[in-house]
């Protein structure tokens, strides 16, 4: 029999618990066994529908006529029934491409496509220049690691490599001038760390991005904000600031988590790479990680524009729905479709709000460069603790390693053997010279 109680009347257990942080797969499995492909859960006091079925998630993502992204379609929000200072609301009230519908979304997305196009292809000057910058940053960070930790030892490939690498990438891609860079990297670090300073850091970053938008309007450069303005000069500083903010957050979260998870899969093998790893091998591993451990686990809220029967429940107009990519992938695994580097994963989303191809290509390019450099420089790299003891952070939207401790030795042939050599110059054309200096100023003393 189909149940038709309202979402608010159903008992709903909190989703974000200690168990979810440690073993989200077990939580998804229990919810699916109890409720089917759609389950009522609670997010900080607010009941939501969590969509766990693969086909049901596809239906939500592909049909933007029925499933809307604009928060103004959320009945509880419209009627003022959300708890005061609900922690997840601030991000959803930022009117940005992901949270728009219809023609408004289409126009904003086209601007994003146009701006990303020249950065995604390594055959273009912007594309190969960005990849070359990532390789230089990787070399510099591993050199710094050798200076700080030694030619052999234990290093945290999150705090000492991946996190600063993606922040330096954001700094370069977004074209921060020296006069605006003093705090933005440390603010990003604090926001991504999710501690007590995260909310204030988020507000600072949004302000910084708006200021950056105004700066690049007056002084265009070879960077993403300038490309956005070239694609749509009508963007206000506030609009562009919001676009930059959300894209920077997703770039750091998705790319950083993908680098770490891909490194983990290589390091968890009985034999780890000892030299150049072909791009195709890393790309296959990225696809495997995207299916089994997606960096973005649950996509942004959707709101039905009409009553929809889904699974064992009736989803009413204006209810809130969370499409769970990780839950959908768990179902794929249970059905035996998770072997190898399956392309059936939804890590890039699906439908009209699917991650733009330019952003996908950019992410994979960065991951390949970052992962390959580790094994070019490090010999005998192995996990310093068993995989089962690695600490994870599992939020509503993202899941990633807090730390990736690795026992390593620097290869004798590595250039980082010359420990006293000057740091490579980062002041190439089109690249902010203050990136590394800002990184060192902003992150010194923040690492855990």
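The values are calculated or read from the model by the stated rules, or taken from the named source; none is laboratory data. In this text the structure is predicted, and so the values were computed from the model without any measurement. Please note: Cβ atoms are built from the backbone with ideal geometry, for glycine as well, and neighbour counts cover all protein chains shown.
Within the range 132-156, can you find the residues that are crowded, with 20+ Cβ neighbours inside 10 Å and farther than 20 Å from residue 279 by Cβ?
If the condition is that a residue be crowded, with 20+ Cβ neighbours inside 10 Å and farther than 20 Å from residue 279 by Cβ, then 140, 141, 143, 145, 146, 155, 156 are the ones that fit.
Can you find, within the range 134-162, the residue that is modelled with the lowest pLDDT among those that are touching a helix residue (DSSP H, G or I) at 6+ places or on another chain (Cβ under 8 Å) and assigned to a loop (DSSP other than H, G, I, E, B)?
Among residues in the range 134-162 that are touching a helix residue (DSSP H, G or I) at 6+ places or on another chain (Cβ under 8 Å) and assigned to a loop (DSSP other than H, G, I, E, B), the one modelled with the lowest pLDDT is 151.
Would you say residue 140 is farther than 30 Å from residue 42 by Cβ and in contact (Cβ under 8 Å) with a residue 60 or more places away in the chain?
yes
Per-residue answers, yes or no, for (1) farther than 22 Å from residue 225 by Cα; (2) within 20 Å of the chain's Cα centre (by Cα); (3) at pLDDT below 95:
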site	(1), (2), (3)
59	yes, no, no
87	yes, yes, yes
91	no, yes, yes
95	no, yes, yes
105	no, no, yes
111	no, no, yes
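Please work out which one of (1) modelled with pLDDT of 90 or more; (2) not in a helix (DSSP H, G or I) is the condition residue 215 fails and give its number.
(2)
Taking residue 165 and the conditions (1) modelled with pLDDT of 80 or more; (2) more than 22 Å from residue 365 (Cβ to Cβ), which numbered condition does it fall short on, given that it satisfies the others?
Result: residue 165 fails condition (2) only.
For residue 77, work out the one condition from (1) in contact with a helix residue (DSSP H, G or I) (Cβ under 9 Å, 6 or more places away or on another chain); (2) surrounded by fewer than 19 Cβ atoms within 10 Å (Cβ to Cβ); (3) free of Cβ contacts under 8 Å to residues at least 24 places away in the same chain; (4) closer than 24 Å to residue 9 by Cβ it doesn't fulfil.
In the conditions (1) in contact with a helix residue (DSSP H, G or I) (Cβ under 9 Å, 6 or more places away or on another chain); (2) surrounded by fewer than 19 Cβ atoms within 10 Å (Cβ to Cβ); (3) free of Cβ contacts under 8 Å to residues at least 24 places away in the same chain; (4) closer than 24 Å to residue 9 by Cβ, residue 77 misses (2) alone.
Return yes or no: is residue 240 modelled with pLDDT of 95 or more, surrounded by 17 or more Cβ atoms within 10 Å (Cβ to Cβ) and under 30 Å from residue 379 (Cβ atoms)?
Taking the combined requirement at face value, the residue does not satisfy it.
Considering only the range 5-20, state which residues are surrounded by 16 or more Cβ atoms within 10 Å (Cβ to Cβ), assigned to a helix (DSSP H, G or I) and out of contact with any helix residue (DSSP H, G or I) (no Cβ under 7 Å at 6 or more places or on another chain).
The answer is 7, and nothing else.
Considering only the range 332-354, how many residues are crowded, with 17+ Cβ neighbours inside 10 Å and either at pLDDT below 80 or in a loop (DSSP other than H, G, I, E, B) (or both)?
Number of matching residues: 7.
Answer yes or no as to whether residue 125 is at negative phi, surrounded by fewer than 20 Cβ atoms within 10 Å (Cβ to Cβ) and out of contact with any strand residue (DSSP E or B) (no Cβ under 7 Å at 6 or more places or on another chain).
Criteria met by residue 125.
Could you tell me which numbered condition residue 27 fails, if it satisfies all but one of (1) under 15 Å from residue 312 (Cα atoms); (2) without any contact (Cβ under 8 Å) to a residue 40 or more places away in the chain; (3) surrounded by 22 or more Cβ atoms within 10 Å (Cβ to Cβ)?
Here residue 27 meets the rest and fails (1).
Which of the residues spanning the range 273-287 are in contact (Cβ under 8 Å) with a residue 60 or more places away in the chain and more than 19 Å from residue 362 (Cβ to Cβ)?
Those that are in contact (Cβ under 8 Å) with a residue 60 or more places away in the chain and more than 19 Å from residue 362 (Cβ to Cβ): 273, 274, 275, 276, 277.
Identify all residues within the range 384-404 that are surrounded by fewer than 18 Cβ atoms within 10 Å (Cβ to Cβ) and assigned to a strand (DSSP E or B); write none if there are none.
392, 393
Quick check on my filter: what residues within the range 32-57 are assigned to a loop (DSSP other than H, G, I, E, B), buried (at least 18 other Cβ atoms within 10 Å of the Cβ) and under 23 Å from the mean Cα position of the chain (by Cα)?
52, 53, listed by residue number.
Okay, residues lined up against (1) surrounded by fewer than 23 Cβ atoms within 10 Å (Cβ to Cβ); (2) part of a helix (DSSP H, G or I); (3) touching a strand residue (DSSP E or B) at 6+ places or on another chain (Cβ under 8 Å):
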| position | (1), (2), (3) |
| --- | --- |
| 248 | no, yes, no |
| 253 | yes, yes, yes |
| 256 | no, yes, yes |
| 261 | no, yes, yes |
| 275 | yes, no, no |
| 284 | yes, yes, no |
| 287 | yes, yes, no |
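Of these, 289, 321, which one is within 27 Å of residue 168 (Cβ to Cβ) and in contact with a helix residue (DSSP H, G or I) (Cβ under 8 Å, 6 or more places away or on another chain)?
Every option except 289 fails the conditions.
Has the range 219-238 got at least one residue that is free of Cβ contacts under 8 Å to residues at least 12 places away in the same chain and assigned to a helix (DSSP H, G or I)?
Checked against the condition, which is being free of Cβ contacts under 8 Å to residues at least 12 places away in the same chain and assigned to a helix (DSSP H, G or I), the range 219-238 yields no hits at all.
Here are some conditions: (1) modelled with pLDDT of 95 or more; (2) over 20 Å from residue 303 (Cβ atoms). Residue 67 meets all but one. Which one does it not meet?
(2)
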